[in-house]
1. Within region 1-38, how many residues turn out to be more than 18 Å from residue 68 (Cα to Cα), in a strand (DSSP E or B) and open to solvent by 40 Å² or more (accessible area, probe 1.4 Å)?
2. Could you please find all residues in region 70-115 being among the aliphatic types (A, V, I, L, M) and in a loop (DSSP other than H, G, I, E, B)?
3. Can you tell me which residue is most open to solvent (accessible area, probe 1.4 Å) among those in region 86-115 that are over 13 Å from the mean Cα position of the chain (by Cα) and of a type in the set (A, V, I, L, M, F, W, C)?
Amino acid sequence: QVQLVESGGGLVQPGGSLRLSCAASISIFGIDAMGWYRQAPGKQREMVATITRLGTINYAESVKGRFTVPRDNAKSTVYLQMNSLKPEDTAVYYCNGRLGTKTYWGQGTQVTVSS
């Protein structure tokens, strides 16, 4: 069993930055891949970025060049650094972890981009 706890959401103006955190209950090196997903009202949940244990990163086209996924192994934490935020980035952001055939989700954190 893996617990994932997100934090760092909030309200930010367009063009601003925000950093989300996802703390795992086990070493992130013990997790095959971690990722960030988001779900806007009335829309399906979509992948934002994923990072494998070996550090291979995949970004959605809509966030390339604006978002990054640094990680702190000592803190078992993966971050989502979001820059140049746009109103269309408004959503609930979820942390995801995959271990073998099992997938784990955090509780989600709201990000609202608005002036």
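1. 2
2. Within region 70-115, 85 is the sole residue that qualifies.
3. So, considering only residues that are over 13 Å from the mean Cα position of the chain (by Cα) and of a type in the set (A, V, I, L, M, F, W, C), the one most open to solvent (accessible area, probe 1.4 Å) is 99.
To keep it simple, each residue is scored yes or no on (1) over 21 Å from residue 108 (Cβ atoms); (2) open to solvent by 80 Å² or more (accessible area, probe 1.4 Å).
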{"residue": "41", "(1), (2)": "no, yes"}
{"residue": "45", "(1), (2)": "no, yes"}
{"residue": "49", "(1), (2)": "no, no"}
{"residue": "52", "(1), (2)": "yes, no"}
{"residue": "57", "(1), (2)": "yes, no"}
{"residue": "74", "(1), (2)": "yes, yes"}
{"residue": "77", "(1), (2)": "no, no"}
{"residue": "84", "(1), (2)": "yes, no"}
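The values are calculated or read from the model by the stated rules, or taken from the named source; none is laboratory data. None of the values given here were measured: they were computed from a predicted structure. Note that we place each Cβ from the backbone using ideal geometry, even for glycine, and neighbour counts take in every protein chain shown. For the accessible areas, the whole protein counts, side chains as well, though only heavy atoms, and no ligand, DNA or RNA atoms are used. Shrake-Rupley method; radii C 1.70, N 1.55, O 1.52, S 1.80 Å.
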